[in-house]
Each structure stands twice: as C-alpha cells, then as structure tokens.
Amino acid sequence: MRSIGELARASGLTVSALRFYDRSGVLVPALVDPVTGYRWYADDQVLPARLVAGLRRVGMPLAEIAAAVRHRAEPDMVGRLLDAHLRRLEDGLTDARRELSRVRALIDHEEHPMITHLVLSRADLAAAIDAVRFAVGTDPELPVLSGVLFDVATDGVRLVATDRHRMAVARVPGAVDGPTRRLLAPAALVDAVRELLGGTGDGGAVPGGTGDGVRELSGGDGGADAHLRLDGDGLTVTVAGREVGGAALPDEFPDYQRLLGKRVPAYRITVDVPALRAQVAGRPPARVLRHEGVDVPVTVLGLDDAGGLRVLDDAALADAAPDAVRLGVNGRYLLDALDAGDRGQLLLELDGPIAPLAVRRPDDADAYSILMPVRL
C-alpha cells in the first residue's frame, strides 16, 4: 500500500488533487484508516493516477476523465474520448486565433476603419438565412438576440441566431476581402436581404418590384452572386444591380461557440422529416406547461425497439421504463427546426433528458439547430 504522498510522487498529481479526485469518485483510495483518516492506495492504482494526471494536464473535463478511468481496459472507448477532446482543443485554438485577429482589428479601427467585402452564392446565402431566421429572439428586454450574427471568417461567413431557448447556425462559403469580423444585423434588415435574394433554386433574376429600402443601381452584378459590404456602421447587400442596406445593432452577440460546446452524442438518428412532422403536428402534446403566462406544448421524443425515433404520447410516456431514453422539447420549436432544415431527411442527436437536442443536415455539417430541453 502507498500513502497519498507516495502516490502523488509516483503519479505527478498533488496531494490536494488526489483528495479532490477521491471526493469526486474518480480515484478512490483502496483503504481509508478509520481512526486517522489517512488514505492508502494499492500499487495497481498508480497507472490510473498517471492517466488522470495526463488528462488533467490537457484540460479534459472531469466527467470524461472519470469515464476514461472507468473504461481504461477498453482502448476503443478511451480513444473516442481522446479524439473528441482533441477536436475541442483544436476548435478552441481556431477560435482563439479568430478572436485575437478581431482584437487587433479593433485596436486599429479608429485609424483604419474595418471594411470587409464578400462575394457569396445568392442561393447559398438565401438558404442560410432560411435556416436560422426562425431562431431570432423577439424579447424586447433582450435586443442583443433580435438579429442575426454575421460571423465572417477568411473563407466565408457563418450566420447565427438564438432566442435562448434554441439556436440555429448555417455557413456560407465565399470570397472574402478584408479583415474577419462580426456584425449583428437586425431582423428587419435580414428580412429585406432575404427578399432581395429571391428564390434559391433557379439562379434567375430577382423578382420584380422594389421593397422597402431596396435601391436600384445602374449597371450591377451578375444575378448568381450576392455582394456584401460590412463596415463599422452596418451591412449592404447588392444583387443584380439592386441593393439593400442598414445599420448594425450596437450590442455584442453572445459567445455562441461556448454555448454550442463540443460533445459526442449518445444517439444519432436519421429521421424522415415529413413523417416526423406529421407525428408532431398530428397528435396532442404529451405535456402542456405554463411558462411566463404562455402554454407550451411539449413533444417527448424516445426510441423504439429498433433504435429509431418515435414521438411518445402521454400513455407511452407513463409506461416507459425509468431508464428509457426520453427528451422533451417545445413542439412548436421542433416544427420550426424541421421546416428550416428543408430536407427530406435530417439527423437528430440525443443525449438524455437534460441535454439539448441537435437537428442537423446529413449533407451539411455547418448547418444545424439546437433546441433546449424541457424538464419533464
């Protein structure tokens, strides 16, 4: 048997860290002296302690460290945990570089105003707006959520919208000339841009008629592309000689990358959108909850015997085993997400009753929405 100090020296963990991992149930001593309270560890606990020390040094979350220790005899399982954490670290480094680039641009802003030009597919931009517009917030007390974030990278732009209860993300690749930056476009401007873009499938001319804020230009661009100009004051979009523009919202959009997180879902299920939509819309909700004076219809999702997705009614929910997979979401929000997906099939990612539901397109990893769960 080894004392806590001896295990600390053998593993590279501090004594206080070993006490913490004992309290957390990650690395429990083989013996605790009932009189003195001293912790004693067996020789075969040195390797798990070294595993914990290594994972701690690279910042792996506590729950995943615990899983790695529990499954250390299963290399494939531990390998998946390590791969997922490595992806998180790589994504975090990419985000840090992007933020530092923005900080440098902000420092230079007064002397060198930021102007960024983008050339995007008109159809792709229209589809991206359609994919996120439903998630824009309407709460007057949260004006920062009343628009769509245009998050410009070196190879295109990501559109993000959230109302706290759901979030939608879509990406449009394209040519970028100028610094990376973020701009929060109000919903009215986004709607005007969407009207300017017109239909998404034929690549033809924008429909006739001039909406509010649309300016006719002489000459103009080819109809297949949308030209965006982002500056310190707002956004201007030009398509086929017609233009809309407006001021940006002054608020700082939430850090949506942190809100998204990086996770490996327990279940990834391909669903037929028309069939699922018919199930959700065609039957009474399993629950109706009162929230802020409004009745919220709760749709409960579960798994059938074949591992497919099914919508649980009140009777099926009552008969479900205590450990059965079930997840409650706002039924109206789920229908919005299915409609915005605009595909015959979508991927739904489930983790459990308190984890968000992710709705993804099978052919586009950059377009997805997230619905917060409703506690049943």
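The values are calculated or read from the model by the stated rules, or taken from the named source; none is laboratory data. Computed from a predicted model, the values in this text were never measured in an experiment. All Cβ positions, glycine included, derive from the backbone under ideal geometry; neighbour counts span all protein chains shown. Surface areas here come from the heavy atoms of the whole protein model, side chains and all, with no ligands, DNA or RNA. Shrake-Rupley method; radii C 1.70, N 1.55, O 1.52, S 1.80 Å.
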Cα-Cα pairs above 19 Å in the range 42-94: how many percent?
25 percent
Shape category assigned to the range 33-181 from the gyration tensor of Cα positions, a/c cut at 1.5:
prolate
Can you give the accessible area of M167, probe radius 1.4 Å, in Å² rounded to 10?
20 Å²
Farthest toward the dipole's positive end in the chain, which of A73, G302, I370, given Cβ charges of +1 (Lys, Arg) and -1 (Asp, Glu) about the Cα centre?
A73
If a/c stays under 1.5 just call it rounded; otherwise compare a/b with b/c (prolate if a/b is bigger, oblate if not). Do that for the range 260-365, with a ≥ b ≥ c from the square roots of the Cα gyration tensor eigenvalues.
rounded
Given a Förster distance of 22 Å, the FRET efficiency implied by the Cβ-Cβ spacing of D314 and R375, rounded to the nearest 0.05, works out to 0.85
Accessible solvent surface per residue of the range 278-376, calculated while the other protein chains remain in place, 1.4 angstrom probe, Å²:
51 Å²
Remind me, relative contact order of the range 58-180 in percent, using alpha carbon pairs under 8 angstrom and six or more residues apart?
23 percent
Run the numbers for A324 and D363: contour at 0.36 nm per residue of separation, minus the present Cα-Cα distance, in nm.
11.1 nm
For the range 1-151, what is the accessible area per residue in Å² when the probe is 1.4 Å?
57 Å²
When only the heavy atoms of the protein chains count and the probe is 1.4 Å, how do L289, L348 rank by accessible area, highest first?
L289, L348
Can you give the longest stretch of the chain with no exposed loop site, where a site means trypsin sites (Lys or Arg not before Pro) in a DSSP loop (not H, G, I, E or B) with at most 16 other C-beta atoms within 10 Å?
165-261
Once you have a ≥ b ≥ c as the square roots of the Cα gyration tensor eigenvalues for the chain, tell me rounded if a/c is under 1.5, and otherwise prolate or oblate according to whether a/b is larger than b/c.
oblate
Candidate residues D191, D233: accessible-area rank, largest first, probe 1.4 Å
D233, D191
Mind giving me the FRET efficiency for E6 and D91? R0 is 35 Å, r the Cβ-Cβ distance, nearest 0.05 is fine.
0.35
Show the residues, 5+ positions off or on another chain, whose built amide H is closer than 5 Å to the amide H of G234.
A248
For the chain, which span is the longest to avoid every loop-located (per DSSP) member of GluC sites (Glu not before Pro) having at most 11 other Cβ atoms inside 10 Å?
142-251
Could you run the Debye sum over the Cα atoms of the range 139-193, one equal point scatterer each and no solvent, and tell me log10 of I(q)/I(0) at q = 0.13, 0.25, 0.27, 0.28 Å⁻¹, two decimals?
-0.35, -1.03, -1.12, -1.16
Once neighbouring chains are kept in place and the probe is 1.4 Å, which whole percent of the accessible area of the chain is contributed by carbon and sulfur?
53 percent
Taking the Cα centroid of the range 13-27 and of the range 291-317, what is the distance between the two, rounded to the nearest whole Å?
40 Å
